[in-house]
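Participant: My structure is below; once you've seen it, I'll send some questions.
The values are calculated or read from the model by the stated rules, or taken from the named source; none is laboratory data. Just so it is clear, the structure is predicted and the values come from calculations on it, not from any experiment. Note: ideal-geometry Cβ built from the backbone for every residue, glycine included; neighbour counts use all protein chains shown.
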């Protein structure tokens, strides 16, 4: 399966237009949040995403209110709101958790991961993909001015479950960076996006 990944486009329509062309070569598109600037022009942005050539899975960033983005997704039949939710396509298991980016611990994420993600039968799936807005702790993707500022709760989940792919965003200075952590490929695709074959 080919996935088009992006994050942190912050309302820039030129990024969305370029991503639309890239979507022709993908089976699914994943957006790891901050698609707007504090919700400005959200309806218009979502309309553009809805025109992509494949379904779009999206979580909110720290620039979107989850309820507002959830409602905007409901108005567009090609977009799926993935916050605290899963999406199954064949044997591919997508888990989503949006928001955050500033806390190193997230007890709500841990609760969702333990009570929901794990119980959905991760081990039965061919490939597992986790999409968060916040980056996991102690990776190339959370390093800012020599300090690791990512989320330890997300990192603990990765260490325990070893998803095949983790998509995150939030830290603009790390856009385009990637890392292999054990068997898990972690990437911050940034606003220009990238296609990953998984």
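Participant: Find the residue count for the stretch 1-15, including only residues that are under 15 Å from residue 57 (Cα atoms) and surrounded by fewer than 22 Cβ atoms within 10 Å (Cβ to Cβ).
Facilitator: Of the residues in that region, 2 qualify.
Participant: Could you pull out the residue among 165, 181, 171, 143 that is farther than 22 Å from residue 56 by Cβ and under 14 Å from the mean Cα position of the chain (by Cα)?
Facilitator: Numbers: 165 fails: farther than 22 Å from residue 56 by Cβ; 181 fails: under 14 Å from the mean Cα position of the chain (by Cα); 143 fails: under 14 Å from the mean Cα position of the chain (by Cα).
Checking each option against the conditions leaves just 171.
Participant: Here's another thing I want to ask about it. Does residue 78 meet the test of being touching a helix residue (DSSP H, G or I) at 6+ places or on another chain (Cβ under 8 Å), in contact (Cβ under 8 Å) with a residue 24 or more places away in the chain and more than 20 Å from residue 134 (Cα to Cα)? Steps first, answer last, please.
Facilitator: Numbers: touching a helix residue (DSSP H, G or I) at 6+ places or on another chain (Cβ under 8 Å): yes; in contact (Cβ under 8 Å) with a residue 24 or more places away in the chain: yes; more than 20 Å from residue 134 (Cα to Cα): yes.
Yes; evaluated as a whole, the condition is true for this residue.
Participant: On to the next question. Restricting attention to the stretch 114-134, which residues are touching a strand residue (DSSP E or B) at 6+ places or on another chain (Cβ under 7 Å) and either at pLDDT 85 or above or closer than 13 Å to residue 95 by Cβ (or both)?
Facilitator: From the stretch 114-134, those touching a strand residue (DSSP E or B) at 6+ places or on another chain (Cβ under 7 Å) are 117, 120, 122, 125-132, 134; that's our starting set.
If the condition is that a residue be touching a strand residue (DSSP E or B) at 6+ places or on another chain (Cβ under 7 Å) and either at pLDDT 85 or above or closer than 13 Å to residue 95 by Cβ (or both), then 117, 120, 122, 125, 127, 128, 129, 130, 131, 132, 134 are the ones that fit.
Participant: Considering the stretch 113-133 alone, what residues qualify as being more than 16 Å from the chain's Cα centre (by Cα) and assigned to a helix (DSSP H, G or I)? Write out each step before concluding.
Facilitator: Filtering the stretch 113-133 for residues more than 16 Å from the chain's Cα centre (by Cα) gives 114-116, 118-126.
Selection gives 114, 115, 116, 118, 119, 120, 122, 123, 124.
Participant: Restrict the check to the stretch 28-41 and report whether at least one residue is more than 17 Å from the chain's Cα centre (by Cα), free of Cβ contacts under 8 Å to residues at least 12 places away in the same chain, surrounded by fewer than 16 Cβ atoms within 10 Å (Cβ to Cβ) and not in a strand (DSSP E or B).
Facilitator: no
Participant: Further question on the same structure: When the stretch 103-136 is examined, which residues are found to be in contact with a helix residue (DSSP H, G or I) (Cβ under 9 Å, 6 or more places away or on another chain) and over 15 Å from residue 161 (Cβ atoms)?
Facilitator: 103, 104, 105, 106, 107, 108, 134, 135
Participant: Within the stretch 91-102, identify whether any single residue is in contact with a helix residue (DSSP H, G or I) (Cβ under 9 Å, 6 or more places away or on another chain), part of a helix (DSSP H, G or I) and closer than 24 Å to residue 195 by Cβ, and answer yes or no.
Facilitator: Residues of the stretch 91-102 in contact with a helix residue (DSSP H, G or I) (Cβ under 9 Å, 6 or more places away or on another chain): 91, 93, 95, 97-100.
Add one more test, that the residue is part of a helix (DSSP H, G or I), and what stays is none.
Scanning the stretch 91-102 turns up no residue that is in contact with a helix residue (DSSP H, G or I) (Cβ under 9 Å, 6 or more places away or on another chain), part of a helix (DSSP H, G or I) and closer than 24 Å to residue 195 by Cβ.
Participant: While we're here: Show me the strands (runs of 3 or more DSSP E) entirely contained within the stretch 134-198 in which 1 or more residues are surrounded by fewer than 17 Cβ atoms within 10 Å (Cβ to Cβ). Break it down into steps so the answer makes sense when it comes.
Facilitator: Numbers: elements: 165-167, 178-181, 184-187, 194-197.
By residue number, 178-181, 194-197.
Participant: Condition check: out of contact with any helix residue (DSSP H, G or I) (no Cβ under 8 Å at 6 or more places or on another chain) and within 25 Å of residue 141 (Cβ to Cβ). Does residue 50 satisfy that? Talk me through it step by step, then tell me what you get.
Facilitator: Numbers: out of contact with any helix residue (DSSP H, G or I) (no Cβ under 8 Å at 6 or more places or on another chain): yes; within 25 Å of residue 141 (Cβ to Cβ): no.
The answer is no for residue 50.
Participant: Of the conditions (1) over 27 Å from residue 24 (Cβ atoms); (2) in contact with a strand residue (DSSP E or B) (Cβ under 8 Å, 6 or more places away or on another chain), residue 147 clears all except one; give me its number.
Facilitator: (2)
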